[in-house]
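First up is the structure itself, then whatever we jot down about it.
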Amino acid sequence: MTGDLFLGLDVGSSSTKAVLVGPDGAVVADARLEHDISRPRPGWAEQDAERDWWGDVVEVCRRVLEGRAGQVRAVGVSALGPCVLPAGDDGRPLRPAILYGIDSRASAQVERLTEALGADEILARCGSRLSSQSAGPKIRWLADDEPEVWAATRRVYGASSYVVARLTGEYVLDHHSASHWAPLYDVHSNAWIDEWRDEVAPGVLLPRLVWPQDQCGRVSAEAAAATELPEGIPVAGGSIDSWCEVAASGLRGPGEGLLVYGTSMFLLEVDSPARSDPRLWSTVGFTPGSLNIAAGVASAGALTAWLRGLAGDVDYGALYAEAAAAGPGAGGLLALPYFAGERTPLFDPDLRGAIVGLTAAHGRGHLFRALMEAAAFAVRHNLETMRDAGTTIATLHSSGGGAGGALWPRIVSDVTGVAQDVRQGPSRAGVGAALLAAICVGSATLQTTWPQPAIRVEPDPGHRTLYDEFYGWFRELAVATRPGAHALAAWQWDHSHGTMSPAAGRGPATPARNERGGSS
């Protein structure tokens with residue numbers, strides 16, 4: 001085969017992917033490597049950046065480039081986030097990376113920074129309240145709780161920016177990722193908030209800001225030797241995987257939403273008519289002045305992976321078949337998906353999972369379906385909150401690993417009443433990263449839409465009454481279990497590493513805004 005190719009790299013929560021894409025958007029080759037999340041303490045989620053991020057990137061590059069390296073014209077990077085990785089002068093990691101909103105260790109810093117800077121001021125400038133999703137409190141946690149690491153810290157990376165740094169030697173962060181670094185980034189001026197730097201990241205140089213589609217550097221000789229990429233080819237700024245999914249989906253305006261099925265779930269309306277809401281996130285996009293409304297479910301694919309592990313790593317196909325046979329309502333089981341607390345709209349890292357209604361007649365298929373339905377109920381909770389805030393989502397473009405089978409998208413559409421166009425094919429985030437690479441060298445524009453196969457999923461009105469009833473119970477159960485969940489979370493924290501009290505460590509959960517969790 002001849003002609004230009006664009007390489008999209010996608011470092012996710014559970015795997016790293018590489019896709020080679022032609023100028024027409026056709027995927028020529030792909031490769032994938034699995035990796036895990038480390039959870040050394042309750043509320044913590046980490047990965048080894050050198051092994052799980054860069055090491056995987058090197059391997060998938062070598063696999064996908066076989067016989068094609070000379071055709072690659074540019075590289076784009078997608079990765080999980082927002083993550084926090086401290087590094088020294090040489091750019092090498094000083095500890096494992098702290099992951100996105102599933103890591104809730106910095107609750108005390110969330111409270112202290114909110115009090116010091118002002119909740120209203122943070123929302124006005126950063127577009128989002130501080131939460132477990134915010135990178136800023138986790139950076140401050142490093143300064144507070146790991147002073148020896150912080151004393152050696154000279155740079156702070158996200159996941160995509162670390163891979164970009166290893167490819168190019170450049171210390172950059174894209175604007176979209178930076179908009180998750182509250183309270184350090186102003187979503188209106190698209191700049192770091194200089195007067196808050198010392199409060200959040202004392203003594204550390206923040207990265208140069210670039211747009212996801214900007215050329216930020218070129219593949220270095222060292223990176224070329226490791227990956228077998230051609231030395232000197234351009235590298236785009238890249239972004240968080242969910243935003244690269246936006247690039248691949250072709251979404252560039254309001255009315256259509258994106259739903260990503262991954263280890264967690266992510267919802268977004270591009271250039272939404274809604275504006276900053278304390279129950280949701282506001283993020284920037286591809287250009288100055290863009291503003292999006294987003295939401296996130298903390299645990300989705302993590303739930304099904306957990307149950308699969310308990311079942312002896314049985315084939316997913318068997319579990320999906322058993323879940324389909326269990327039928328809507330999972331034989332009368334109702335689950336709460338808060339295995340890692342919850343992000344929007346509850347912002348409560350100390351919620352915990354639950355499965356209610358169990359009898360000896362229930363099997364693993366019922367449990368598997370109940371967990372998928374629980375994530376669907378959380379999606380509905382977020383969609384209702386987004387609509388209340390002024391979004392105009394009428395249909396969803398869906399992608400991600402969990403969307404690969406027919407069952408979960410069908411459950412989500414039945415629960416929410418919203419149709420989905422489910423995108424098919426390998427690593428949509430990787431394809432989006434490849435598109436950013438094509439844009440950075442002028443082979444595509446932000447208006448370019450690469451054709452992509454999709455399956456339309458319509459809600460089944462016959463399931464609406466049942467799911468409305470279960471959803472009501474789901475919301476009530478979340479409220480009823482909150483006190484017990486908080487008590488158990490505190491016990492888990494105290495018994496995970498000595499006798500540290502919540503006040504000395506991650507702190508107590510922020511009280512709910514109202515009895516329905518702040519969304520009604």
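Things worth noting here:
- Filtered residues of the range 13-38 (kept if assigned to a loop (DSSP other than H, G, I, E, B) and touching a helix residue (DSSP H, G or I) at 6+ places or on another chain (Cβ under 6 Å)): His35
- Residues within the range 440-460 that are assigned to a loop (DSSP other than H, G, I, E, B), small (Gly, Ala, Ser) and in contact with a strand residue (DSSP E or B) (Cβ under 6 Å, 6 or more places away or on another chain), tallied: 0
- Flag if Leu117 is aliphatic (A, V, I, L, M) and touching a Ser or Thr at 6+ places or on another chain (Cβ under 6 Å): no
- Qualifying residue in the range 404-412 (condition: within 25 Å of Ser160 (Cα to Cα) and at pLDDT below 95): yes
- Subset of the range 385-403 that is touching a residue at least 24 places away in the same chain (Cβ under 8 Å), out of contact with any helix residue (DSSP H, G or I) (no Cβ under 8 Å at 6 or more places or on another chain) and assigned to a helix (DSSP H, G or I) - its residue that is surrounded by the fewest Cβ atoms within 10 Å (Cβ to Cβ): Asp388
- A single member of Val58, Val110 is surrounded by fewer than 21 Cβ atoms within 10 Å (Cβ to Cβ), in contact with a Ser or Thr (Cβ under 8 Å, 6 or more places away or on another chain) and among the β-branched types (Val, Ile, Thr), and it is Val58.
- Yes/no for Glu170 being surrounded by fewer than 23 Cβ atoms within 10 Å (Cβ to Cβ), touching a residue at least 24 places away in the same chain (Cβ under 8 Å) and assigned to a loop (DSSP other than H, G, I, E, B): yes
- Any hit, the range 404-415, residues being crowded, with 24+ Cβ neighbours inside 10 Å, more than 30 Å from Asp494 (Cα to Cα) and in contact with a Lys or Arg (Cβ under 7 Å, 6 or more places away or on another chain): yes
- Total residues in the range 35-67, condition among the charged types (D, E, K, R) and at pLDDT below 95: 4
- Pick from the range 113-127, criterion touching a strand residue (DSSP E or B) at 6+ places or on another chain (Cβ under 8 Å) and at pLDDT 95 or above, ranking: surrounded by the most Cβ atoms within 10 Å (Cβ to Cβ): Cys126
- Taken over the range 37-74, the criterion of being more than 27 Å from Leu435 (Cα to Cα) and of a type in the set (Asp, Glu) is satisfied by Glu46, Asp48.
- Test: Gly425 is of a type outside the set (S, T, N, Q), assigned to a helix (DSSP H, G or I), surrounded by 14 or more Cβ atoms within 10 Å (Cβ to Cβ) and modelled with pLDDT under 95: no
- There is no residue in the range 252-264 that is modelled with pLDDT of 90 or more, of a type in the set (Val, Ile, Thr), part of a strand (DSSP E or B) and more than 19 Å from Asp421 (Cα to Cα).
- Helices (runs of 4 or more DSSP H) contained in the range 72-155 and holding at least 2 residues of a type in the set (A, V, I, L, M, F, W, C), over 22 Å from Arg41 (Cβ atoms) and within 23 Å of the chain's Cα centre (by Cα): 119-126
- Counting only residues that are small (Gly, Ala, Ser) and more than 21 Å from Leu346 (Cβ to Cβ), the range 130-149 holds 1 of them.
- Of all residues in the range 307-324, none are in a strand (DSSP E or B), of a type in the set (Val, Ile, Thr) and surrounded by fewer than 24 Cβ atoms within 10 Å (Cβ to Cβ).
The values are calculated or read from the model by the stated rules, or taken from the named source; none is laboratory data. All values derive from a computational prediction rather than experimental measurement. Glycine gets a Cβ as well: all are built from the backbone with ideal geometry, and neighbour counts include every protein chain shown.
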